[in-house]
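I have placed the structure first, in the form of structure tokens, so that the comments after it can refer back to it.
The values are calculated or read from the model by the stated rules, or taken from the named source; none is laboratory data. Here the structure is a predicted model, which is why all the values come from computation and not from measurement. When we count neighbours, we look across all protein chains shown, and the Cβ atoms used for this are built from the backbone with ideal geometry, even at glycine.
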Amino acid sequence: MWFATIFRRKSSTPPPLFDEAFLRRLERLSLQAQRTLRGTPIVGRYPGRQPMPATIFSDHRPYVPGDDLRYLDWNVYARQEQLLVRLGETEQDVAVSVILDTSRSMAMGEPDRLRLAIQLSGAIGYLALAHGDRVSVLAGDRPSPVFGPARGKMQAVELFTALREVTPTLRTDLVQAAYQIAQRSSRGGLVLFLSDLLTAMPMERLALILPAPRWQVMVLHILSKTETAPNLQGPLELVDSETGERMEVDLDAETLAAYRTAVQNWRSAITRQCATYGIRYAAIMTDWVLERQIIPFLRVRRFLT
């Protein structure tokens with residue numbers, strides 16, 4: 001996938017990610033984590049299911065040898081002569097891991113994709129911290145998280161500071177980042193990838209590394225109009241933003257139409273792959289406004305509630 005590269009001088013001091021009013025409004029939302037995810041009881045606010053006693057009775061399941069006899073529902077046995085174990089819901093935290101693609105292509109686009117991905121990482125991380133969950137952020141090809149694992153809203157300043165220091169890297173291995181997450185947590189959790197997906201990320205391998213239902217995987221695909229609907233024409237030299245390879249082209253209407261078709265086919269293939277392997281997927285455009293467009297978009301698609 002080729003893109004024309006435009007270089008601009010950027011300020012050495014990045015602006016704040018958010019204002020306080022936005023963060024207060026953000027706290028009204030929560031990440032849409034599945035009930036099958038396991039966490040530490042009581043701390044967080046996601047409902048988990050476990051044998052009674054728990055906060056709220058929710059369901060029964062058949063008794064199997066080895067179950068604690070204290071959790072048998074003897075009233076049901078008296079009526080139906082069935083041995084059933086009572087299940088309850090209790091509040092639990094969830095390990096939330098954000099994997100941020102920082103490859104050089106992420107610095108392209110108008111506005112650039114990396115800036116938006118960093119803002120989204122900050123919003124998601126803050127949301128999880130505010131609700132008592134454990135948060136980690138991995139970026140680029142670093143062997144350890146740039147933030148976390150940490151819990152509690154007081155860690156938000158450290159999260160934002162770490163994200164503001166993130167810069168483009170030569171390469172990003174998203175699959176290796178998934179391995180790191182899987183090795184660090186045996187209990188599973190919620191994993192979000194923020195990427196332009198120009199770095200190879202085979203969904204089949206992700207599903208094997210982070211299998212459901214122990215893991216819930218979400219992909220936010222960061223796109224810009226410069227790649228979906230380029231406003232270019234005539235003779236140009238294009239530069240591959242990942243490898244630096246150059247290509248001379250003469251862009252006419254027919255070539256641009258073929259390019260747009262190829263991009264649409266590429267996006268459709270990614271959507272199908274994610275659906276096949278149970279990975280939640282949403283495409284985000286860089287020119288969308290975070291609060292007015294992206295947050296409502298993610299709520300409609302049940303990434304947020």
Practice task
Tally the residues that are free of Cβ contacts under 8 Å to residues at least 12 places away in the same chain and either under 29 Å from the mean Cα position of the chain (by Cα) or within 27 Å of Ala282 (Cα to Cα) (or both), restricting the search to region 232-268.
Solution key: 9
Fill in the blank from the handout: Subset of region 225-257, residues surrounded by 11 or more Cβ atoms within 10 Å (Cβ to Cβ) and assigned to a helix (DSSP H, G or I), comes to Lys225, Thr226, Glu227, Thr228, Thr255, Leu256
Exercise for the section: Taking Arg134 as the residue in question, decide whether it is among the charged types (D, E, K, R), farther than 15 Å from Thr169 by Cα and in the same structural domain as Leu190 (by TED's automatic domain parsing). Expected result: yes
Problem - Positions within region 114-155 being of a type in the set (Ser, Thr, Tyr), under 17 Å from Leu31 (Cβ atoms) and surrounded by fewer than 23 Cβ atoms within 10 Å (Cβ to Cβ), in sequence order - result: Tyr126
Completion exercise
Residues in region 201-224 that are assigned to a loop (DSSP other than H, G, I, E, B) and of a type in the set (Gly, Ala, Ser) total 2
Practice task
Kindly establish whether Asp101 is modelled with pLDDT of 90 or more, charged (D, E, K, R) and under 22 Å from Val289 (Cβ atoms).
Solution key: yes
